[in-house]
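**Student:** Quick one: this structure, given as C-alpha cells, is what I'll be asking you about.
The values are calculated or read from the model by the stated rules, or taken from the named source; none is laboratory data. Here the structure is a predicted model, which is why all the values come from computation and not from measurement. Neighbour counts are summed over all protein chains in view; Cβ atoms, including those assigned to glycine, are modelled from backbone coordinates with ideal geometry. The area values use the complete protein model at the heavy-atom level, side chains included, leaving out ligands, DNA and RNA. Shrake-Rupley method; radii C 1.70, N 1.55, O 1.52, S 1.80 Å.
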Amino acid sequence: FLANSGSQIEGMGSCWGLFEKLQSTFEYAGWGLNYFCDSKYGPCDVRPVGINEFQTSPDIKVVPNPFCDKLIVSHNSSNKVFLKMYNTLGECAFEQILEKKETELDLKELIPGIYFIEILTSQGRTIQKVIKN
C-alpha cells in the first residue's frame, strides 16, 4: 500500500504513525522490512517489498496451533531456552525461560489473536506464528 504523510488511515493517524507501528512490529517480530521514507516530517511512502520467511527449527515444536489457554513447547536443547511472545503490534505479551525439554505455558490471560513466538536456543533463533482462540 502507499500512503502520504497527510492522509488518515482508519484511526491510525498520519502515515508516519503507521510507519512507526509497522517498523516496530516488524523489528520486534524479527522480520526484515525494506522501506523508503524521505524524512520524519516529509512525504512518506511505506513500501514493504519483502519479508524474510521464517525458518522453523525441526527440534522445536509448539502445539496445539491454534490454542485456547495452554500451549506446549518442546525442544531438544541441552541449555536453557528463552521464549518471547509478541502480538501483532510488536509488543511483548509473554516471556519465559524454558528449563525443561517440554513446558506447558498457561496463556489464558492473553486476548484471542495472532502471536509470534520467538525462541532462542544455543543453536539459533526461530520464530513461529500461533493463533489464540
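**Student:** Taking the stated definitions as given, is Lys84 basic (Lys, Arg) and open to solvent by 30 Å² or more (accessible area, probe 1.4 Å)?
**Tutor:** The answer is yes for Lys84.
**Student:** Let me ask another. Within region 120-129, is there a residue that is farther than 17 Å from Asn65 by Cα, among the hydroxyl-bearing types (Ser, Thr, Tyr) and out of contact with any Pro (no Cβ under 6 Å at 6 or more places or on another chain)?
**Tutor:** Looking through region 120-129, at least one residue is farther than 17 Å from Asn65 by Cα, among the hydroxyl-bearing types (Ser, Thr, Tyr) and out of contact with any Pro (no Cβ under 6 Å at 6 or more places or on another chain).
**Student:** Quick one: Ile111 ticks every box in (1) in a loop (DSSP other than H, G, I, E, B); (2) in contact (Cβ under 8 Å) with a residue 24 or more places away in the chain; (3) surrounded by fewer than 16 Cβ atoms within 10 Å (Cβ to Cβ) bar one, so which box is it?
**Tutor:** Every listed condition holds for Ile111 apart from (2).
**Student:** Can you pull out the residues in region 117-128 that are in contact (Cβ under 8 Å) with a residue 60 or more places away in the chain and open to solvent by 20 Å² or more (accessible area, probe 1.4 Å)?
**Tutor:** Those that are in contact (Cβ under 8 Å) with a residue 60 or more places away in the chain and open to solvent by 20 Å² or more (accessible area, probe 1.4 Å): Glu118, Thr121, Gln123, Gly124, Arg125, Gln128.
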